[in-house]
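Below is one structure, written out as structure tokens; comments come after it.
Since every read-out is calculated from the coordinates, none of them should be taken as a lab result. The model shown is predicted, which means the values in this text are computed figures rather than measured ones. So basically every Cβ, Gly included, is an ideal-geometry build from the backbone, and we count neighbours across all protein chains shown.
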Amino acid sequence: MIRPARPGDVDAIHRLVRELAEYERSLDQVRATAADLSAALFCAEPALFAHVAESEGGVAGFALWFVNFSTWTGRHGIYLEDLYVTPRLRRAGVGAALMAELARVCVERGYTRLEWAALDWNEPALAFYRSLGAVTRGDWVLHRLSGEALEMLARCGVRR
């Protein structure tokens, strides 16, 4: 069963976030706590949303997402931050069901895109996304400012 996350799901989502980070070889980078997720998902005006996959009375997978905007289409879209399904339920249609639910949200709200990033070495994920009809954006390069570089730009602006 796929449904929007509820406050009681936060600990399970946090546990699965940590499992995902471990799989992606970056557990040491996880700083988010269950309280952080709860505050972001269930505040008065949330900018972060989640759907969960329930199996045998527990959370077995999740999709964590937020709304973005395309100046090309003039419409909003969904950016999928994380998709994760516990290993025992992979290849059972759970990930596809989560993605289908996000696609339904897009269509119902008139959103034009569902986008995400995947690690270039994660061939099982890449194959799964291709099986859904997704295409890679080889002409775009993902960038990130964080940590010291973000702090420096905020303090000092652009140096020329």
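Counting each pair of different Cα atoms once, what's the Kirkwood radius of the chain in Å, rounded to one decimal? Provide the component values of the computation, followed by the final result.
Numbers: mean 1/r = 0.0580 Å⁻¹.
One decimal place: 17.2 Å for the Kirkwood radius.
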Projected label distance in nm at A117 and L27, using a 7 Å step from Cα toward the beta-carbon = 2.3
Computed [θ] at 222 nm, deg cm²/dmol, the chain (DSSP H ≥ 4; -39,500 (n - 2.57); rounded to nearest 500) = -11000 deg cm²/dmol
Pick out which of V67, V59, V135 has the largest mean-square fluctuation in a Gaussian network model of the chain, springs linking Cα atoms closer than 10 Å.
-> V135
Can you tell me the relative contact order of the range 2-156? Whole percent, Cα pairs under 8 Å, sequence separation 6 or more.
-> 17
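Tally Lys and Arg at +1 and Asp and Glu at -1 over the other residues with C-beta under 11 Å from the C-beta of S70: what net charge comes out? Please report the intermediate quantities before stating the final value.
Working: positive: R75, R113; negative: E115.
The answer is +1.
Under a Cβ-only charge scheme (Lys and Arg +1, Asp and Glu -1), can you give me the dipole magnitude of the chain about the Cα centre, in debye to the nearest 20? Please report the intermediate quantities before stating the final value.
Numbers: 19 positive and 20 negative charges, 84 e Å.
Computed charge dipole of the chain: roughly 400 debye.
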Just for the range 2-156, what percent of DSSP beta bridges are antiparallel, to the closest 5?
-> 85
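Using mean Cβ contacts within 10 Å as the protection proxy, how do 81-91, 24-34 order, highest first? Mind showing how you got there, number by number?
Values: 81-91: 16.4, 24-34: 11.3.
Most protected by this proxy first, the peptides run 81-91, 24-34.
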